[in-house]
1. Kindly establish whether G381 is out of contact with any Cys (no Cβ under 7 Å at 6 or more places or on another chain) and modelled with pLDDT under 95.
2. Of all the strands (runs of 3 or more DSSP E) wholly in the stretch 362-461, which have at least 1 residues that are under 28 Å from W102 (Cβ atoms) and among the charged types (D, E, K, R)?
3. Starting from the stretch 297-309, take each residue that is surrounded by fewer than 23 Cβ atoms within 10 Å (Cβ to Cβ) and list its partners that are of a type in the set (G, A, S) and in a helix (DSSP H, G or I), counting only C-beta distances under 6 angstrom and pairs at least six apart or across chains.
4. Does the stretch 49-58 hold any residues that are in contact with a Leu (Cβ under 8 Å, 6 or more places away or on another chain) and buried (at least 22 other Cβ atoms within 10 Å of the Cβ), and which are they?
5. Confirm whether E107 is within 18 Å of S37 (Cα to Cα) and of a type outside the set (F, W, Y).
6. When you go through G126, G135, G113 one by one, which is the residue that is in contact with a strand residue (DSSP E or B) (Cβ under 9 Å, 6 or more places away or on another chain) and over 20 Å from D217 (Cβ atoms)?
7. Scan E320, E305 and give me the residue that is at pLDDT below 95, in a helix (DSSP H, G or I) and charged (D, E, K, R).
8. Among the candidates L290, L271, which residue alone is out of contact with any Asp or Glu (no Cβ under 7 Å at 6 or more places or on another chain), at negative phi and of a type outside the set (S, T, Y)?
Amino acid sequence: MNIPSLMLAAPGSGSGKTLLTCGLLQVLLNRKLNIVSFKCGPDYIDPMFHKEVLGTKSRNLDLFLSSEETVRYLFSKHAKDVDLALLEGVMGYYDGVGNSTWGSAYELAGAVGAPVVFVVNARGMGLSVAAFLKGFLEFRHNSHIKGVILNQLSPMLYGSIKETIERETGVRVYGYLPVMRDCVIGSRHLGLLLPEEIYDFRSRINRIAQVMEETLDIEGLLGLAQGGDNLPGGGEDGRREFYSSYAGEGLSIAYSKDEAFCFCYEDNLELLCDLGVKLYPFSPLGDAHLPEQIHGLLLFGGYPELYAKKLSENITLRNEIKDKILSGLPTIAECGGFLYLLESLREKDSGKEYPMAGVFPGSGYDEGKLVRFGYVELKGGKAFGRDVGTIRAHEFHHYDTVNPGRSFLAEKPISHRTWPCIHSSDTIFAGFPHQYFYGNLKLPAAFLSACGEYKRKTDGR
């Protein structure tokens, strides 16, 4: 299978990948092309920007959280019959787990056969751009880098720098983007601001797209996308057996979805839907009750610390969630969702402490720094009473608690540093790590089994 594709990657974070990706998505949409987008790595926020532009869901592809075979399967599943699949890289191009390329944008480009267009912030550079780029081209035998876009470059300098780069490196330059100060995307402690928090976001993206039509070789980029490597077969990777063994027909699961709880892997939800589960979104901020007759609950991460007062004031729902969980409703709660289940949460700005659901003792508080960041492997525990082996997950949080759980041991994959985490029982799996279901299908299988058992018990009442 050959899927027309491009990856926009960069030397490091802050190079403008997300802004350029969104602008190019808008350009392609304006041309009435059928586009799908992906984000390399575990980031939740960048796909929200893609979705805001496309109007359809963007997906994560992660070579640490899941196998190469699974990544190819998901890529081919979502990119089937599209005109172009656009991938956004992560961090620096070769940056993976520890000081390796494991899980990097470089490895993902190779796994799915996507030509890479390297985004270089050329502000303040001349000939050095060519030397800088040459280092990335030669760092690995096959860098997959097939083109360059120069960001924050003066139009007067473009012609000479383009000629120099192509002469010195042999790589084609597909255009540039000038400095556009009014189109900068702000950030906070977990990454970029959310799209809905950025004033006039749609107008900004349309302005960028208009400039791109004038400064980028769009036809050349579309031609490059057609020249990617054939995608190897996705294989089954245990999925066929999983789908046949864990059908979810008749199961209803509620999941949190609002401004406070917005960090969710779309493929997690789609996997449950593929199994026949009916999913019902609800808002811990605004809804007085959970959806009726549910058999499971998913509390995702996000920014509950920004909405602690409003979450606390929704007393009816807080109490209902506590009662349901303590009565045995199978629940997965991760990061922000886990903080919501503590006794209290300190508001980000005021530091005032507000009551939360109170399923677990303890308070969530701001450490004023990044507490955990990066990939982990969860070992030595059971999920919903079942052996699930090692679970690969991701942590990224400034908030902490004295009661993070002790059911699993989190281990860093390179340094092997460890710490206890996760509250796990026959009916709950809650803690700071974010879960990616395709990384270990035993986790959603255990969750659905618990949901099925809960349904049988409650149906008999």
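1. For G381, the condition - out of contact with any Cys (no Cβ under 7 Å at 6 or more places or on another chain) and modelled with pLDDT under 95 - is met.
2. In the stretch 362-461, 372-379, 391-397, 408-411 are the strands (runs of 3 or more DSSP E) which contain 1 or more residues that are under 28 Å from W102 (Cβ atoms) and among the charged types (D, E, K, R).
3. No pair meets every condition.
4. Correct list: F49, H50, V53.
5. yes
6. Within the list G126, G135, G113, the selection yields G113.
7. Sole residue among the options that is at pLDDT below 95, in a helix (DSSP H, G or I) and charged (D, E, K, R): E305.
8. Being out of contact with any Asp or Glu (no Cβ under 7 Å at 6 or more places or on another chain), at negative phi and of a type outside the set (S, T, Y) holds for just one of L290, L271, which is L271.
The values are calculated or read from the model by the stated rules, or taken from the named source; none is laboratory data. On a predicted model such as this, the values are computed, not experimentally measured, just so you know. Virtual Cβ from ideal backbone geometry, glycine too; neighbours counted across all protein chains shown.
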